[in-house]
Each structure stands twice: as C-alpha cells, then as structure tokens.
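Engineer: Below you will find the structure I want to go over with you.
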Amino acid sequence: MMKPETKNVLLKAYAQLHQITEELYSASDKAVENNDFEDASTARRKSKVKSQKSK
C-alpha cells in the first residue's frame, strides 16, 4: 500500500500537470485567435505531451 506522503506528492504533481496543460491549451487558443498558428501548434503539442505524461 502506498504511503500517504507518497500519494499526496503524486496527487499534487498531477494537479500541477493538469494546471500546466490547461494553461497551454489556453495559450494555444489565444494564439489561434491572433492567427499565430506556429505558436498555437507549439502550445498544443506541449499540452498533449503534458497530458499524456499525467495518465
């Protein structure tokens, strides 16, 4: 069974990764609104990498 300290650290890391992913998606959406498709693509790729790592 996982120690509570370990579980808490993992949950905190998961929450932080989720927040980062949300920020990257938001940045991507703003870049699309500004027709900055290179930045949008980069932000979207980074958010997918973060999202996959948190699974």
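Engineer: So how far apart, in nm, are the two label points at Glu23 and Phe37 if each is 7 Å from Cα heading toward Cβ?
Structural biologist: 2.8
Engineer: I'd like the Karplus ³J(HN,Hα) series for the range 24-29: coefficients 6.51, -1.76, 1.60, θ = phi - 60°, whole numbers in Hz, and an x wherever there's a Gly or Pro.
Structural biologist: 5, 4, 5, 4, 5, 4
Engineer: Oh, and also: May I ask you to order 28-36, 9-17 by the average number of other C-beta atoms within 10 Å around their residues, highest value first?
Structural biologist: The packing order, highest mean first, is 28-36, 9-17.
Read-outs throughout are calculated quantities, based only on the coordinates presented, and are distinct from any laboratory measurement. Please read these numbers as outputs of a predicted model, since none were measured by experiment. A quick note on method: Cβ atoms are made from the backbone with ideal geometry, for glycine too, and the neighbour counts reach across all protein chains shown.
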